[in-house]
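Peer 1: I have a structure here, written as structure tokens, and I will follow up with some questions on it.
The values are calculated or read from the model by the stated rules, or taken from the named source; none is laboratory data. If you're wondering where the values come from, they're calculated on a predicted model, not measured in any experiment. Cβ placement follows ideal geometry from the backbone for every residue including glycine, while neighbour counts extend to all protein chains displayed. Heavy atoms of the whole protein, side chains included, go into the accessibility calculation; ligands, DNA and RNA do not. Shrake-Rupley method; radii C 1.70, N 1.55, O 1.52, S 1.80 Å.
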Amino acid sequence: VTVEVSVVNQSGDPIGGATFTVTWDNGSTTDTTRNNGKRFVDVPDDKRLTIEVDADDYVRNEPYVVSTLSEDDTIEVSMYKTAVADITVRDDQGGVGNAEVTLQKRGTDQAPVINGTTNPDGTISSGFIEAGTYDLDVIKRGYLRNTTRLAVNGSTETTVALEPASV
């Protein structure tokens, strides 16, 4: 079938020049949107599609998935302004290494964009992620858990303070 792929920003404005790859079992196709943010592509009609998009200044945390489609469908893929979260975990003594950090976009069921541990100096970075509001959760044995909201726009740096726990 022929479908129209439309790539837009979070305000619904078209993103021209975005390169997208549509993948299905045993196949894929890659193309670039025109100035109007759209492009027609031919894909199998009985396949689950995964769409990954690369666009200057925009990102998606996860690929876009299409389970069902029909002839002349328009698949609208939203992209978000690019942002980076640099997180430092500290206690009274300085940086806390090996603290478990989870950063997940608030209000979604997306996979966490960070699900790892801090470096020996207590830092961890997200790499490029969608700008927006995230839930930040930091835990380490011997400390109280710290859960907070984090607005990530552009290059965001934050410090999370851990308090020692006592039994």
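Peer 1: Mind checking which residues of segment 107-116 are open to solvent by 70 Å² or more (accessible area, probe 1.4 Å) and either in contact with a Cys (Cβ under 7 Å, 6 or more places away or on another chain) or among the hydroxyl-bearing types (Ser, Thr, Tyr) (or both)?
Peer 2: Hits for segment 107-116: nothing passes.
Peer 1: I need the full set of residues from segment 102-129 which are among the hydrophobic types (A, V, I, L, M, F, W, C) and either in contact with a Ser or Thr (Cβ under 6 Å, 6 or more places away or on another chain) or within 14 Å of Val152 (Cα to Cα) (or both), in order please.
Peer 2: Result: Leu103, Val113, Ile114, Ile124, Phe128, Ile129.
Peer 1: Where in segment 128-167 are there strands (runs of 3 or more DSSP E), lying fully within it, with 1 or more residues that are of a type outside the set (A, V, I, L, M, F, W, C) and open to solvent by less than 30 Å² (accessible area, probe 1.4 Å)?
Peer 2: Where strands (runs of 3 or more DSSP E) fall fully within segment 128-167 and carry at least 1 residues being of a type outside the set (A, V, I, L, M, F, W, C) and open to solvent by less than 30 Å² (accessible area, probe 1.4 Å), they are 132-139, 155-161.
Per-residue answers, yes or no, for (1) under 21 Å from the mean Cα position of the chain (by Cα); (2) closer than 30 Å to Gln104 by Cβ; (3) charged (D, E, K, R):
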| site | (1), (2), (3) |
| --- | --- |
| Asn36 | no, no, no |
| Asp42 | no, no, yes |
| Asp46 | no, no, yes |
| Tyr58 | yes, yes, no |
| Thr68 | no, yes, no |
| Met79 | yes, yes, no |
| Thr82 | yes, yes, no |
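Peer 1: List pairs: first in segment 1-26 and closer than 11 Å to Glu76 by Cα, second open to solvent by 20 Å² or more (accessible area, probe 1.4 Å) and of a type in the set (Val, Ile, Thr), Cβ under 6 Å, 6+ apart or cross-chain?
Peer 2: Here the result reads Glu4/Thr74; Ser6/Thr74; Val7/Val53, each pair linking segment 1-26 to a residue that is open to solvent by 20 Å² or more (accessible area, probe 1.4 Å) and of a type in the set (Val, Ile, Thr).
Peer 1: Related question: Could you list all residues from segment 1-21 that are within 23 Å of Ile129 (Cβ to Cβ) and either in contact with a helix residue (DSSP H, G or I) (Cβ under 8 Å, 6 or more places away or on another chain) or not in a loop (DSSP other than H, G, I, E, B) (or both)?
Peer 2: Matches in segment 1-21: Val5, Ser6, Val7, Val8, Pro14, Thr19, Phe20, Thr21.
Peer 1: Scan segment 15-23 and give yes if some residue there is in contact with a Lys or Arg (Cβ under 8 Å, 6 or more places away or on another chain) and at pLDDT below 95, otherwise no. If you could, list the steps in order and put the result at the bottom.
Peer 2: Step one: of segment 15-23, the residues in contact with a Lys or Arg (Cβ under 8 Å, 6 or more places away or on another chain) are 16, 20.
Of the ones still in play, those that are also at pLDDT below 95 are none.
No, the conditions are met nowhere in segment 15-23.
Peer 1: Please specify each residue of segment 55-94 satisfying the condition of being without any contact (Cβ under 8 Å) to a residue 60 or more places away in the chain, open to solvent by less than 40 Å² (accessible area, probe 1.4 Å) and over 14 Å from Gln10 (Cα atoms).
Peer 2: Residues satisfying the conditions are Val66, Gly94.
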